[in-house]
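Peer 1: One structure follows; several queries about it will come next.
The values are calculated or read from the model by the stated rules, or taken from the named source; none is laboratory data. These numbers come from a predicted model, not from an experiment. All Cβ positions, glycine included, derive from the backbone under ideal geometry; neighbour counts span all protein chains shown.
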Amino acid sequence: MPHTVSAFLPSEGETADLGRWLAPRLVAGDCVLLEGPIGAGKSHLARALIRARLGRMEDVPSPTFTLVQTYQADVEIWHADLYRLSHPDEVAELGLEEAFSQAICLIEWPDRLGHLTPAHAIRIALTASGEGRNVSLAAPGHPDLLTDFTQSWQR
């Protein structure tokens, strides 16, 4: 099994579907690194995942200005946008290191984590392609997730 799998998501709806698909597969201590340029769909995917995990429609704002939003589901969910951080030391001030071990963490702009990046984080990279987007998933330590993704999303 390859360490990275890819698929094409032809619409925003399919990007949200991916978030809903991923939601029940995550457990406390999972960290999802959402990579891609501005407008690639990172917040859209995170919003769908959070709503699915909560089991209800909820206002899920982008954490661009607050840096971190938390949600109480069966497991606490942390949604962070690190775009405005300039150094990994600033991550410590947010409390993310502790959250990595006990919550589901969704991190936009994970390159700002530097040496604090969890070794077994799930990486989802999104890039725009026409009306849709390409997605690649890397999941060290989660081989079942890669297998499920391949069966569900590669067409």
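Peer 1: Name every residue in the stretch 65-85 that is of a type in the set (S, T, N, Q) and either under 14 Å from ALA99 (Cα atoms) or surrounded by 14 or more Cβ atoms within 10 Å (Cβ to Cβ) (or both), in order of residue number.
Peer 2: Those that are of a type in the set (S, T, N, Q) and either under 14 Å from ALA99 (Cα atoms) or surrounded by 14 or more Cβ atoms within 10 Å (Cβ to Cβ) (or both): GLN69, THR70, GLN72.
Listed here are the residues, each with its yes/no results for (1) assigned to a helix (DSSP H, G or I); (2) modelled with pLDDT under 90; (3) aromatic (Phe, Trp, Tyr); (4) within 15 Å of the chain's Cα centre (by Cα).
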| site | (1), (2), (3), (4) |
| --- | --- |
| GLU97 | yes, yes, no, no |
| SER101 | yes, no, no, no |
| CYS105 | no, no, no, yes |
| ASP111 | yes, no, no, yes |
| ARG123 | no, no, no, yes |
| LEU126 | no, no, no, yes |
| SER136 | no, no, no, yes |
| GLY141 | no, yes, no, no |
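Peer 1: Among the candidates ALA48, ALA28, ALA16, which residue alone is in contact with a strand residue (DSSP E or B) (Cβ under 8 Å, 6 or more places away or on another chain) and either in a loop (DSSP other than H, G, I, E, B) or without any contact (Cβ under 8 Å) to a residue 40 or more places away in the chain (or both)?
Peer 2: ALA28
Peer 1: Something else: Quick one: which residue in VAL91, VAL60, VAL32, VAL5 is surrounded by 13 or more Cβ atoms within 10 Å (Cβ to Cβ), at pLDDT below 95, within 15 Å of the chain's Cα centre (by Cα) and among the aliphatic types (A, V, I, L, M)?
Peer 2: VAL60
Peer 1: Right, next: Need pairs with beta-carbon distance below 9 Å; first residue closer than 14 Å to ILE122 by Cα and among the polar types (S, T, N, Q) and within the stretch 139-155, second surrounded by 16 or more Cβ atoms within 10 Å (Cβ to Cβ) and at pLDDT 85 or above; sequence gap 6+ or separate chains.
Peer 2: THR147/VAL5
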